[in-house]
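Undergrad: Before we start, here is the structure in question, set down as structure tokens.
The values are calculated or read from the model by the stated rules, or taken from the named source; none is laboratory data. If you're wondering where the values come from, they're calculated on a predicted model, not measured in any experiment. With ideal geometry, Cβ positions are generated from the backbone for all residues, glycine too; neighbour counts draw on all protein chains shown. Surface accessibility is based on the protein's heavy atoms, side chains included, excluding ligands, DNA and RNA. Shrake-Rupley method; radii C 1.70, N 1.55, O 1.52, S 1.80 Å.
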Amino acid sequence: MAQSKERNSLQKRQRLSLAGIYESRKLIARLSVNDFKTKFAGSYLGIIWAFIQPVITILVYWFVFEKGFKPAAIHNAAGAKVPYVLWLIAGMVPWFFFSEALSGGTRALLDYSYLVKKVVFKIDILPMVKVISSVFVHLFFMAFAVILYALYGYYPDFYTLQILYYSVCLCILVTGAVYLTSAVVVFFRDLNQVINIVLQVGVWVTPIMWDMSTMDIGETFKNILKINPLFYIVQGYRDSLIGKTAFWERGFHTAYFWIFTIACFWVGNYVFKRLRMHFADVL
């Protein structure tokens with residue numbers, strides 16, 4: 001009887017639930033703010049570096065591709081030419097968040113190993129802390145993108161609000177992914193390097209710098225590239241800011257994305273829960 005109660009208590013503590021995350025929301029918020037600040041602790045410019053690096057990256061890509069390679073003209077649904085910098089930033093903003101959240105979330109248990117070893121601490125919130133920490137910069141660049149578009153004459157409207165929907169989609173997708181990767185990396189440290197390679201390849205496989213509609217790669221290969229769930233996110237940002245297309249008009253891609261994301265979240269939850277009891281021993 002006593003063993004049964006102890007087992008049930010252990011299972012309850014191990015259960016990764018949305019209710020448990022909600023109950024710990026204040027702790028998650030405090031840890032997320034602290035995590036964001038500590039990334040740049042000791043530097044003269046502090047958190048300003050979090051914004052400088054992405055801006056410089058966007059400027060470099062814009063200069064290389066628009067002034068150097070001179071890509072084919074990009075047009076919106078009405079046939080009007082779209083400045084390349086606007087088209088580029090609509091893809092870079094969600095990608096910056098995804099890459100930062102995935103790489104940081106994968107290291108969550110390693111970075112907070114001292115908390116993992118505390119029996120009473122809810123370690124299931126640690127991957128979430130890393131994701132929320134990355135949201136701060138993402139919010140800034142969402143606002144930056146909207147202002148930049150307004151300067152070019154693309155003023156905010158109903159469709160612009162959709163970037164909030166696509167940001168939530170991105171948060172849920174990357175959260176499921178980091179619950180999986182943060183649990184596995186404890187036992188397989190090389191996963192950090194694998195993630196870095198995946199991100200290096202992913203930024204080119206995802207149509208961020210190039211327009212899939214103008215590429216002569218065949219419909220079959222285009223459909224394969226669309227399997228990437230980030231295609232839905234990047235295209236969604238462009239639909240919201242440029243194409244003025246509602247997400248429900250892309251019913252098939254929306255359904256596929258949510259099926260993939262829910263499956264990813266379930267797998268991440270399951271693996272994290274199964275491996276959780278061994279984290280403290282390995283760390």
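Undergrad: Please work out how much length the chain gains when fully extended from ILE56 to LEU139, using 0.36 nm per residue of separation minus the C-alpha to C-alpha distance, in nm with one decimal.
TA: Contour length minus Cα-Cα distance gives 28.1 nm.
Undergrad: Quick check for me: using +1 on Lys/Arg Cβ and -1 on Asp/Glu Cβ, what's the dipole size of the range 209-261 about its Cα centre, in debye to the nearest 20?
TA: Dipole magnitude for the range 209-261 comes out near 140 debye.
Undergrad: OK, next. Report the dimensions of the range 79-136 along its three principal axes from the alpha-carbon atoms, largest first, rounded to Å.
TA: That gives 60, 14, 14 Å along the principal axes, largest extent first.
Undergrad: Once Rh is set to the Kirkwood radius over Cα pairs, what Stokes-Einstein translational diffusion coefficient, in µm²/s, holds for the range 125-243 at a temperature of 20 °C and a viscosity of 1.002 mPa s?
TA: Approximately 131 µm²/s, per Stokes-Einstein.
Undergrad: Between the alpha-carbon centers of the range 251-269 and the range 121-197, tell me the distance in whole angstrom.
TA: When both Cα centres are located, 16 Å separates them.
Undergrad: Tally up the carbon and sulfur contribution to the accessible surface of the range 143-200 as a whole percent, 1.4 Å probe, everything protein left in place. Mind showing how you got there, number by number?
TA: Working: 2100 of 2860 Å².
The computed percentage sits at 74.
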